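Here is the structure we will look at, set down as structure tokens.
The values are calculated or read from the model by the stated rules, or taken from the named source; none is laboratory data. Keep in mind that what you see is a predicted model, and the values were worked out from it rather than measured. Here the Cβ positions follow ideal geometry from the backbone for every residue, glycine too, while neighbour counts run over all protein chains shown. Keep in mind that these areas ignore ligands, DNA and RNA; they rest on the heavy atoms of the full protein, side chains included. Shrake-Rupley method; radii C 1.70, N 1.55, O 1.52, S 1.80 Å.
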Amino acid sequence: MVAFEDRRSVSALAALLPDLGRRTLVMGILNVTPDSFSDGGRFQELDAARSQAARLVEEGAALLDIGGESTRPGHKPVPAEEEQARVLPAIRALSPTLPVPISIDTYKASTAEVALKAGARIVNDVWGLQREPEIATVAAHHGAPVVVMHNRETVDPSLDIVDEMRAFFERSLTIARRAGIPDRDIVLDPGIGFGKSWEQHLDALRRLPELTSLGFPLLVGVSRKSVLGRLHNAATAPADRLFGSIAAHVAAASLGADIVRVHDVRPHVEACQVVDAIMRPASRPGA
């Protein structure tokens, strides 16, 4: 039985991101954690988070993703109370004046609940609504769109990764629909960097058109991840993987990604403008 009756005549996702589908949108990452793989601890303090948020928006971010628990390989899970203590001050401070929507990067239903009450507008779940399925009911109650990311507890190199993602997304979509989240408010994320072998990461990116055929917007996040380091120099610090990040996201946008999730906004905005001019001619100024 549907837990929430959808009375909206307009997609919440379209209202928050009116250019979705017309051009490649850039999601700026704002980690308020001490142990993020790339920028751990830099934006924990509220003043630093404010400054970083302002910079990301000025550089062209269409939305900001705020997270309070690192999901890097080997991360240590944190209690919901600690996660909330990290994210809520930033959301409360930023949401009243920020000109772009905030997504809360969490798989915990309780964190999604308080974050949405504090001003977040989108739920970005790295476990695709499957770790805590009640998170879907929380999102539906608030009329919040969701980003459903593919993930696995273990890596199995023998899998056809796109077949695996299709099956995973079908389970996630069942959870979302039962909760009352309309399809038009769902974004899919192939989960690059999560639960896959190196070859499967590349295969997932290469085969994005097979995922676009599912009929949902796609979000891709490869920014600074170790899959890039392996391609040129595994010892490269995450912050030094800008060129690889841009290349991966340009490829993803060319193959159908609608949103790219990045640390470095301005270079990606400029790169995606070029991709869009070629691949989405209607996005060109004056078109």
Cβ-Cβ cut-off under 11 Å around Asp160, Lys and Arg +1, Asp and Glu -1: the net charge is -3
Measuring from its Cα centre, the chain shows a charge dipole (+1 at each Lys and Arg Cβ, -1 at each Asp and Glu Cβ) which, in debye to the nearest 20, is 460
Phi-derived 3J(HN,Hα) across the stretch 103-110 with the Karplus relation (6.51, -1.76, 1.60, θ = phi - 60°), rounded Hz, x for Gly and Pro, is 9, 9, 8, 7, 10, 8, 4, 5
Calculating mean projected area of the Cα convex hull in nm² from this structure picks out, from (i) 33.3; (ii) 20.7; (iii) 14.3, entry (iii)
With label points set 7 Å from each Cα along the Cα-to-Cβ direction at Glu45 and Glu59, the distance between them in nm comes to 2.0
Taking a probe of 1.4 Å and leaving out DNA, RNA and ligands, the chain shows per residue an accessible area in Å² of 43
HN-Hα couplings for the stretch 157-174 via Karplus (6.51, -1.76, 1.60; θ = phi - 60°), in whole Hz with x for Gly/Pro, come out as x, 7, 6, 6, 5, 6, 4, 4, 5, 4, 5, 4, 5, 5, 5, 5, 5, 4
Placing each pseudo-label 7 Å from Cα in the direction of the beta carbon, Val155 and His141 end up separated by a distance in nanometres of 3.8
With only helices counted (DSSP H, runs n ≥ 4, each -39500 (n - 2.57)), the per-residue ellipticity at 222 nm for the chain, to the nearest 500, works out to -12500 deg cm²/dmol
In this structure, the FRET efficiency calculated for Glu82 and Ala167 from their beta-carbon separation, with R0 = 35 Å, to the nearest 0.05, is 0.60
Whole-Hz Karplus couplings 3J(HN,Hα) for the stretch 83-94, θ = phi - 60° and coefficients 6.51, -1.76, 1.60, Gly and Pro as x, run 4, 5, 5, 7, 8, 5, x, 5, 5, 5, 6, 8
